[in-house]
Amino acid sequence: MSGNVPGMAEGATALSDEPDLNIFENKSGLAEDMKFLASMPELCDVTFMVGESREPVCAVKAVLAARSKVFHKMLYQAPSPQRRKDNAPKENKLRLFLKRSSEPLLNLQNAAQQRGYTQQLAPIQEPASAQHQTVHVEEFEPDVFRQLIEYIHTGCVTLQPRTLLGVMNAADFYGLDELRRACAGFVQCCINVDTVCALLASAERYIQYKCTKNLVQKVLEFVDEHGNEVLNLGSFTLLPQHVVRLILSREDLRADEFTKFQAALMWGKKYCDSNSHISLKEVIGNFIEFIQFHKIPANVLMREVHPLNLVSASIIMNALAYQADPTSVDPGKLSPNRVRRSGQGRSMSVQSSLDPCGSNTTLSSSGSSEMISSEGGGASGGAASNSGNKHSGTGSGNS
């Protein structure tokens, strides 16, 4: 008999090659039950405190260990030799105390056995606090880690652009190759104008992982091809400052210079809304070097840019003079701080830039001594240091 059996739950199948056998499968029901199991803290025996907010994510250790060798090692590995050595004196004293305390009771048991009956001793119960384990995880965000735990327990998870890179790197970190490959395949399909900013924002959090670096380069190449569309997105204002600089400085970016100026202006206004103590002119100063004002038509310069009083008069005058007579202006004065990398292919790429402690990773320009600050709000002019927004590269879950 094969096919569905009457009264069978939806998603269940009954398959068999033998006429007198029936193989019943209800994978969807199992997935729902396992999802319910992971959602009930009283049914779980490990709690992960995830991210800076220490959000609790519960799970079952046996399930984690069966699905991931990394979790098996994390949750069930024996104490280190150093730890055993440190605890040895205490264990010896405790063993000696128990031996001395139990001698009278053992003598009574031996006497009882000689009289023809055996007295059973109740086993000592392990404290409840020792049965439930708590692990701190700093590498990943709560939403990402929650999706990972859901996949491990149920075998399915809904991938979405906002958390895609995080889930992919978490899958790689914990040795879940099938999930990692699924994420890599999906990210190739979901790079579009609507998702590109979300992917870049999440990449900032996980740029230290090898999976992210390759994919972010593809995202930046997409940005190059659709420059004007990306710069006009409302979500562009949500990117960190150094990512905006990274995009505006790319020589292969297919966007006109006035659109770049408008994008910088839009980002600056958004930033000043939440940082009123910093002037808009000071914020815009961080992007001026990446805009070639001499390529903006003169009437647009005078009507749209100059009245804002955000760009110095000397830059405006040099741009106008160049348009009137290109030989009258030194090209170096048009974009004095612009990083030029002729003959090196694409102007910007993705690389990790770590501080001496090994905890700070940013999107930065390759082949340049100038690092783009990882602090999204730094409004000081020119290139900023890379000592800003730090992300922990190691979690305390293994300790």
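Once fully extended, how much extra length lies between Asn22 and Asp45, figured as 0.36 nm per residue of separation less the alpha-carbon to alpha-carbon distance? Don't jump to the answer; show the numbers that get you there.
On the way: separation 23, 0.36 × 23 = 8.28 nm, distance 3.53 nm.
In short, 4.8 nm is gained.
At 7 Å along the Cα-to-beta-carbon direction for both Ser328 and Arg181, put a label point, then send me their distance in nm to one decimal.
Placing both labels 7 Å along Cα→Cβ, they lie 6.5 nm apart.
Once amide H atoms are built 1.01 Å from N in the peptide plane, which residues 5 or more positions from Leu334, or in another chain, come under 5 Å H to H?
none
How large is the Kirkwood hydrodynamic radius of region 123-239, counting all unique pairs of alpha carbons, in Å? Please report the intermediate quantities before stating the final value.
Numbers: mean 1/r = 0.0637 Å⁻¹.
Taking every pair of different Cα atoms in region 123-239, averaging 1/r and inverting gives 15.7 Å.
Could you calculate the contour length gain from Leu238 to His277, that is, 0.36 nm times the residue separation minus the distance between their Cα atoms, to one decimal place in nm? Write out the running numbers ahead of the final one.
Working: separation 39, 0.36 × 39 = 14.04 nm, distance 1.92 nm.
My answer for the length gained is 12.1 nm.
Mind ordering 272-278, 225-231, 29-35, 71-77 by average Cβ neighbours within 10 Å, highest first?
Working: 272-278: 10.9, 225-231: 18.1, 29-35: 14.3, 71-77: 16.0.
Descending mean neighbour count gives 225-231, 71-77, 29-35, 272-278.
Dipole size in debye (nearest 20) for region 210-323 around its Cα centre, Lys and Arg Cβ +1, Asp and Glu Cβ -1?
On the way: 12 positive and 12 negative charges, 48 e Å.
Magnitude of the dipole: close to 240 debye.
Taking a quarter of the surface of the convex hull around the Cα atoms of region 226-333, what do you get in nm²?
On the way: hull surface 27.7 nm².
Quarter of the Cα hull surface area: 6.9 nm².
In square nanometres, what is one fourth of the surface area of the convex hull spanned by the alpha carbons of region 194-242?
Details: hull surface 13.1 nm².
Taking a quarter of the hull surface, the average projection is 3.3 nm².
Sequence-distant or interchain residues sharing an amide H contact under 5 Å with Cys58, placed H: which?
Amide H neighbours of Cys58: Phe48.
Kindly sort Leu165, Leu43 by accessible area of their heavy atoms, largest first, with the probe set to 1.4 Å. Let's see the in-between values first.
Values: Leu165 5, Leu43 90 Å².
In descending accessible area the options line up as Leu43, Leu165.
Say R0 is 41 Å: what FRET efficiency, to the nearest 0.05, do Leu308 and Cys189 get from their beta-carbon distance?
On the way: r = 40 Å, r/R0 = 0.99.
Rounded to the nearest 0.05, the efficiency is 0.50.
Stretched out fully, how many nm does the piece from Lys210 to Asp33 gain, at 0.36 nm a residue minus the Cα gap?
Working: separation 177, 0.36 × 177 = 63.72 nm, distance 3.45 nm.
Working it through step by step, the gained length comes to 60.3 nm.
Let's test the formula: R0 of 41 Å, r as the Cβ-Cβ distance of Arg54 and Glu229. What FRET efficiency results, to the nearest 0.05? Intermediate results must be reported in sequence, preceding the final value.
On the way: r = 39 Å, r/R0 = 0.95.
E between Arg54 and Glu229, to the nearest 0.05, is 0.55.
Go from 0 up to the bin containing the longest alpha carbon distance in region 179-266, width 10 Å each, and give me the % of pairs per bin.
Histogram of Cα-Cα distances, whole percents per bin: 17, 54, 25, 5, 0.
If you take the beta carbon distance between Thr134 and Lys269 as r and set R0 to 51 Å, what does 1/(1 + (r/R0)^6) give as a FRET efficiency, to the nearest 0.05? List each step's numbers first, then the result.
Numbers: r = 44 Å, r/R0 = 0.87.
In this case the efficiency is close to 0.70.
Please work out whether region 163-225 counts as rounded, prolate or oblate from its C-alpha gyration tensor, where a ≥ b ≥ c are the square roots of the eigenvalues and a/c under 1.5 means rounded, while otherwise a/b larger than b/c means prolate and anything else oblate? It would help to have the intermediate numbers written out before the result.
Values: a/c = 2.09, a/b = 1.63, b/c = 1.28.
Here region 163-225 falls in the prolate category.
The values are calculated or read from the model by the stated rules, or taken from the named source; none is laboratory data. Bear in mind that the values here come from a model prediction, so they are computed numbers and not experimental data. Note: ideal-geometry Cβ built from the backbone for every residue, glycine included; neighbour counts use all protein chains shown. We work out accessible area using only protein heavy atoms, side chains counted, and drop any ligands, DNA or RNA first. Shrake-Rupley method; radii C 1.70, N 1.55, O 1.52, S 1.80 Å.
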